[in-house]
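Here is the structure we will look at.
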Amino acid sequence: MTAIIDADTHGTEKPPRLARLPFSIFAVIMGLAGLTIATEKMEQHLHSSHMLSHAMTALVVFLFAGLALLQLLRLARHPQAIRAEWSHPVRISFFPAAAIGLLLLSVALIPHHPNLSFVFWATGAVLQFILAFMVINTWINATHFEPHHVNPAWFIPAVGNVIVPVAGVTHGYVEVSWFFFAFGMIFWIVLLAIVMNRLFFHHPLHEHMVPTLCILIAPPAAGFLAYFKLIGQVDAFAHFLYYAALVFSIIVALQIGTFRRLKFTLSWWAYSFPLAAVTIATLVMAEHAENSLLNMLSLGLYALALLVISGLTVRTILGFVRDDI
């Protein structure tokens, strides 16, 4: 088992375990927080108790705190490892995953701890703003990036901005939310063209990056949720975003044969948040469209998300125990 992309090593001795813990580990938080929000939404949909989502929220908050502490220790003890990740044309895209994790946790915390939710949202929004512009500036000025380095993970730094309005509107920051929504959607359009050009006309993705194809689902699904929060209804553009997410979901589903042949790596967590996002979007659409087919689809997607993310969690724990991660 490796990290998102194998590190460039010139010897047989492994670096210290802490040095090898990639920033992409925060994709775990994105997936688990996404499942937590989907669980809250499903509980509302079924008019059931919120005990499960409450427990899941607490667990993911503590997990985030633990991973954040480990990354701070890594920065203090192995700053060269952090610098190497930032200079890597693929790994740099995962730095904002920490900010997105905070933003998703702020959404999950709203029903349980609104004040703590605001702290997470404000911190996540500021961090996302800084990291998004830093990564974009690096893309513009770096001289070592090549077309084959492009992959769907490039959506994370810029398009992750669309997560901000999901809690931002609730906390009363509507204009700030519109700014982040516009930021994310503009770069979704730009990067979508670049990424599809890469997929259509260049060499296939490295096998460790193939799971990132699932990230294609996330921008329109998360964009739908953000737009719905901003305008409070499902209008024509909301329909466009939701069904765009379904189109990419079908495209990704057609790659199942390729996915099944892959060896497990942390990159498999790329399946998690997009699947949770389209599940939540479908639950919202099912409620507002009052469509029985969408209702059944939402239940099926939630069951799939629960199964996939539970499996990823077990495989990841085993990987840590075996020192494969």
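The values are calculated or read from the model by the stated rules, or taken from the named source; none is laboratory data. Quick caveat: nothing in here was measured; it's all calculated off a predicted structure. Because the Cβ atoms are built from the backbone with ideal geometry, glycine has one as well, and the counts that use them run over all protein chains shown.
Here S93, S106, S87 are screened, and the one residue that is closer than 27 Å to A38 by Cα and modelled with pLDDT under 95 is S93. Just one residue in the set V119, V166, V126, V176 is hydrophobic (A, V, I, L, M, F, W, C), surrounded by fewer than 21 Cβ atoms within 10 Å (Cβ to Cβ), under 20 Å from A226 (Cα atoms) and in contact with a helix residue (DSSP H, G or I) (Cβ under 7 Å, 6 or more places away or on another chain); that residue is V176.
Of the helices (runs of 4 or more DSSP H) lying entirely inside segment 179-294, those containing at least 3 residues that are small (G, A, S) and either surrounded by 17 or more Cβ atoms within 10 Å (Cβ to Cβ) or on the phi > 0 side of the Ramachandran plot (or both) are 218-231, 236-253, 272-289. Being out of contact with any Cys (no Cβ under 6 Å at 6 or more places or on another chain), outside any helix (DSSP H, G or I) and closer than 30 Å to L191 by Cα holds for only one residue in F145, F120, and it is F145. Among the residues making up segment 92-133, a single one is in contact (Cβ under 8 Å) with a residue 60 or more places away in the chain, within 24 Å of H144 (Cα to Cα) and out of contact with any Phe, Trp or Tyr (no Cβ under 7 Å at 6 or more places or on another chain): P96.
When you check L254 against the structure, is it within 15 Å of the chain's Cα centre (by Cα) and among the aliphatic types (A, V, I, L, M), yes or no? First the steps, then the outcome.
Numbers: within 15 Å of the chain's Cα centre (by Cα): no; among the aliphatic types (A, V, I, L, M): yes.
Considered against the rule, which asks whether it is within 15 Å of the chain's Cα centre (by Cα) and among the aliphatic types (A, V, I, L, M), L254 comes out as no.
Whether any residue in segment 223-233 is out of contact with any helix residue (DSSP H, G or I) (no Cβ under 7 Å at 6 or more places or on another chain) and touching a residue at least 40 places away in the same chain (Cβ under 8 Å) is what I want to check. The answer is yes; a qualifying residue exists.
Evaluate the following for A81: is it closer than 13 Å to F23 by Cα, in a helix (DSSP H, G or I) and not β-branched (V, I, T)? Outline the logic, then answer.
Numbers: closer than 13 Å to F23 by Cα: yes; in a helix (DSSP H, G or I): yes; not β-branched (V, I, T): yes.
The answer is yes for A81.
Yes or no, residue by residue, for (1) under 30 Å from N295 (Cα atoms); (2) at pLDDT 85 or above; (3) part of a helix (DSSP H, G or I); (4) of a type in the set (V, I, T):
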| position | (1), (2), (3), (4) |
| --- | --- |
| T2 | no, no, no, yes |
| R20 | no, yes, no, no |
| S24 | no, yes, yes, no |
| M30 | yes, yes, yes, no |
| K41 | yes, yes, yes, no |
| A65 | no, yes, yes, no |
| A68 | no, yes, yes, no |
